[in-house]
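What follows draws every value from the coordinates through simple rules; no lab data is involved. As the structure is a computational prediction, the values presented were derived from the model and not from experiment. Don't worry about glycine lacking a Cβ; one is built from the backbone with ideal geometry, like all the others, and counts go over all protein chains shown.
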Amino acid sequence: MSEAMMSEGFETQPISMLPMWQVAFLAPQEDVDRIFDAVAQVAPLAYGATDRNGYRLTGGVEYYRPTEAAPTGADDPRQRPGVDQMRMFVPRDMAVLGRMIEAIYEVHSYYEPPITVTEVLRSQTRGLDDNQNPYRWWNRGGDWKNGTSAP
């Protein structure tokens with residue numbers, strides 16, 4: 001992708017591709033909700049007509065070996081199952097990004113929380129009226145929220 005495209009985005013008829021930052025962190029499964037809640041208090045995490053948007057990838061295994069510099073001291077190599085990744089998207093605003101990073105650090109159980117920030121283009125609908133589109137979930141005979149859906 002060109003540098004101009006990454007900094008300005010582009011548009012198609014139904015979708016705008018907006019320059020954003022993807023902020024991701026890794027954490028034990030039991031910690032992810034607490035960390036996400038802390039981030040949502042300092043950033044709206046808006047996406048279209050919704051807010052508090054995040055994307056959780058589950059079931060990872062973390063590999064590491066504590067060295068002498070670790071708070072626990074040196075130890076054998078370890079594997080920790082049940083480590084998830086949480087991803088969120090925010091406009092490229094350094095003040096918001098700084099607050100997000102600080103919120104993650106404040107409530108994370110690790111002294112060195114794995115956080116990444118990546119420049120991305122994220123889609124956003126341009127607001128076309130497609131309420132009759134047969135592929136939209138509300139036109140397919142069900143609702144994922146209450147466990148009913150049609151193929």
Residues whose modelled amide H sits under 5 Å from the amide H of R122, counting only those 5 or more places away in sequence or on another chain, are L18, M20
How large is the Rg to Rh ratio of segment 3-146 when both quantities use alpha carbon positions and Rh follows Kirkwood?
1.06
Of G59, V39, M94, farthest towards positive along the dipole that unit charges on Lys, Arg, Asp, Glu beta carbons give segment 1-122:
G59
Rounded to 10°, Cα long-axis angle of helix 29-42 versus longest principal axis of the chain:
60 degrees
Write out the trypsin sites (Lys or Arg not before Pro) in segment 46-146 meeting two conditions: DSSP loop, and at most 11 other Cβ atoms within 10 Å of their Cβ.
R126, R136
Can you give me the angle between helix 94-107 and the longest principal axis of the chain, using Cα atoms only, in degrees from 0 to 90, rounded to the nearest 10?
50 degrees
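Please report L26, L128 as a ranked list, fewest other C-beta atoms within 10 angstrom at the top and most at the bottom.
Ascending number of Cβ neighbours within 10 Å: L128, L26.
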Selected from D37, D51, D75 as most flexible by GNM, with the chain as the system and alpha-carbon contacts under 10 Å
D75
